[in-house]
Amino acid sequence: MEQTSLKIEGMGCGGCVSSVQNALTELSGVISADVDLDSATAKINYDIANVSLSECIAAIENAGYTVQK
């Protein structure tokens, strides 16, 4: 299992947090995703055998947000 924290731009409300969290948890291999509006971060626990970090980033971006790299 891997854990990472990503900085996300574009979140402005609780609905945004839910959108990002749902986008991540729908991915097979994401064990948990803790998205925080105040710090604009997502802490993700995932199984690298089933999902890659780039897939997590793509899911966030497909939901309409930007991941700082």
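Coordinate-derived values only; no laboratory data. Here the structure is a predicted model, which is why all the values come from computation and not from measurement.
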Mind grabbing the base-10 log of I(q)/I(0) for the chain at q = 0.15, 0.28 Å⁻¹? Debye formula, identical points on the C-alpha positions, no solvent, two decimal places. -0.38, -1.36
Give the angle, between 0 and 90 degrees and rounded to the nearest 10, that separates the Cα long axis of helix 14-25 from the longest principal axis of the Cα atoms of the chain. 10 degrees
Pairing the Cα long axis of helix 53-62 with the longest principal axis of the chain, what angle in degrees results, from 0 to 90 and rounded to the nearest 10? 30 degrees
